[in-house]
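A short write-up of the structure that comes next.
Read-outs throughout are calculated quantities, based only on the coordinates presented, and are distinct from any laboratory measurement. Treat the numbers as computed from the prediction; the structure is a model and nothing was measured. Cβ placement follows ideal geometry from the backbone for every residue including glycine, while neighbour counts extend to all protein chains displayed.
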Amino acid sequence: MGITLTHKILESHLISGRLIEGEEIGIKIDQTLTQDATGTMTYLEFEAIGIDRVRTELSVSYIDHNILQTDFRNADDHRYLLTVAKRYGIWFSKPGNGICHQVHLERFAKPGKTLLGSDSHTPTAGGCGMLAIGAGGLDVAMAMAGEPFYLKMPKIIGIYLYKNLKPWVSARDVALYIISKLTVKGGFGKILEYFGPGIKNLTVPERATICNLGTETGATTSIFPSDEITLSWLKAQNRENDFLYLMPDPDANYDEVIEIDLSKIEPLCACPSSPDNVRKVQEEAGKPVAQVIIGSCANSSLRDLLIVAKVLEKYKIHPDVSFEINPGSLQVLENLVYLSAFKSILQGGTRLNQSGCLGCIGMGQAPPTNSISLRTFTRNFPGRSGTNPDFIYLVSPETAVASAIKGVITDPRELGDYPKIEIPEKFIINDSLLIPPLPEEKAKKIEIIRGPNIIPLPPFDPLPEILEGIFLLKVKDNITTDDIMPAGAQILPLRSNLPAISEFVYKNIDPEFFKKALEIKNKGLAVGIVGGENYGQGSSREHAALAPRYLGVRIKLAKSFARIHRSNLINFGILPLVFKNKKDYDKIKAGDHFAVYNLKESLLRGKKEIEIEIKGKEKILAISELSMREIKCILKGSRLNLACSS
């Protein structure tokens, strides 16, 4: 049988392990990216490793999340990130240059290369034939230090696309269709590889949208082949020398194949409050809309905004709707102006914001009370918008602009003829906000500037032989990293200050969690968390592991874990265990005392079943699914401790 595209890239980057499903493998990372919400901590970790310069082919530090400068803290972080980039040989993308995934797709993505990013939507670059994976900041820091990235070999799911999308149906609708079929946990342990005749009709930005939103299924990554469409994109970016023709073998052997007739997909929306709560737009039509936003790393490309501009040549935005656009990059904005598309956007009734994540990460753009907001964003988890409760729908740019015009949720097909747009063969390239790395000798002379909000990492103590403590909190299925460590304009500026940000752990679920956790920790006991299925889905933010660890959390017992969060727990010495019998979840309550004896010995012997004693109740069996490398991380107290001791 033939070889998949994914296997070809993995084989060329394999450092350790075998490409057998479920086995741990280590792969070489060619490129890394960080953004400012995760990057400051990532570079503090990189500094702690003690490497003099990054050892990747290319690393980029983007400023796109914490771009509101309401006080000194975000501005100080940006200056720290700039000086770190100069010191260690890293590209720096200044505020205003754009969203990391859009800019990386434009200026750096290379077919056949590997990319590791401290942002869960890093798979966006899969639209350009990269094997691009989201991870926690410490994993990215280790990759910059030249260490392999470790993961369990996923299944490869082939998604066969055929026929063409109908007018007013776009890549966002394809992605929502896939999410609806797989759900927010159906992609766990899988890579989604697209092939078939239907891909020929999807541009690189459209492919990138599909790869980006594959993250919402829990997939490790998504990838499209590199073909003549990819070459056209790279030529338009004046990067044709980066092109590599890369396809799966015609008889490639996939673990599973999903076939999708593109012509049968209709305009879709993800209803409140989960990306997999997908319905046809027609079924939600007529509901009044107060706010519509087009932006985010999923749908802010030139193609997306040209569609909007064309529609607004004919229509105006409804007076009751706040219609906002966050362009994906400086390049997108400048090319809109050059193509004379900017005028209709402004005259149509649009509020134009700077290039950045903004409302997608809860940095402003909160919707009004008890109102519907339509967004081309990536997630609609409860309260993520900054308003709680909120009523957030995820939609395509076509559905967004149609609804903004009508003032109610509207199937875009009601607007009549689909507008024709032309993507230029050559884009205007403006890299004035991209700062290249300094030569090594000059870099060594750079002083790193740290503001008062930038706090060094604390020490991480090793795992004790006997783990005794209290299960402080019990939570339901599909708990997100937003639930564990909220985002938003109040909290994001604290990403470089672990003691301060720890006060917000589980704030929206138990406002007293911080106080209770410290009380348990100060008694010399461990804090435990009990979770349901898919614990830790969503953002890659390692603060959802790092801050609980600071508060004394040493064990999390769940029905199952999301991939990135599980890795983050291990990286910071928190033991992730799963119930052997999921019915035992019902036997534990918040406040139960627990003890795990002979823990080190059991782990080092490779014992899979771990016995947890619950005071006053029967013992519970949990399963350790840790590799020996992961066990060493847990025992040392963190992957950083392990790296510094080896």
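Descriptive notes on the structure:
- Loop exposure criterion: chymotrypsin sites (Phe, Trp or Tyr not before Pro), DSSP state outside H, G, I, E and B, at most 14 other Cβ atoms within 10 Å. Applied to the chain, the longest stretch between such sites is 246-596.
- Comparing Cα centroids, the stretch 76-116 and the stretch 135-157 end up 18 angstrom apart.
- For the residue pairs 8/181; 515/582; 185/556, the C-alpha atoms sit more than 23 angstrom apart in 8/181; 515/582.
- Normalised by the number of residues in the stretch 331-475, the mean separation of alpha-carbon contacts (under 8 Å, six or more apart) gives a relative contact order of 15 percent.
- Each residue of the stretch 377-389 was assigned a 3J(HN,Hα) from its phi angle through the Karplus curve 6.51 cos²θ - 1.76 cosθ + 1.60 (θ = phi - 60°); the sequence is 8, 9, 9, 10, 4, x, x, 4, 6, x, 10, 9, x Hz, with glycine and proline shown as x.
- Alpha-carbon centroid distance for the pair the stretch 581-633 / the stretch 394-431, whole angstrom: 52 Å
- Beta bridges assigned by DSSP with both partners in the chain are antiparallel in approximately 30 percent of cases.
- Calculated mean residue ellipticity at 222 nm for the chain: -8000 deg cm²/dmol, from DSSP H runs with n ≥ 4 weighted as -39500 (n - 2.57), summed, divided by the residue count and rounded to 500.
- C-alpha center-to-center spacing [the stretch 268-335, the stretch 477-532] in angstrom: 33 Å
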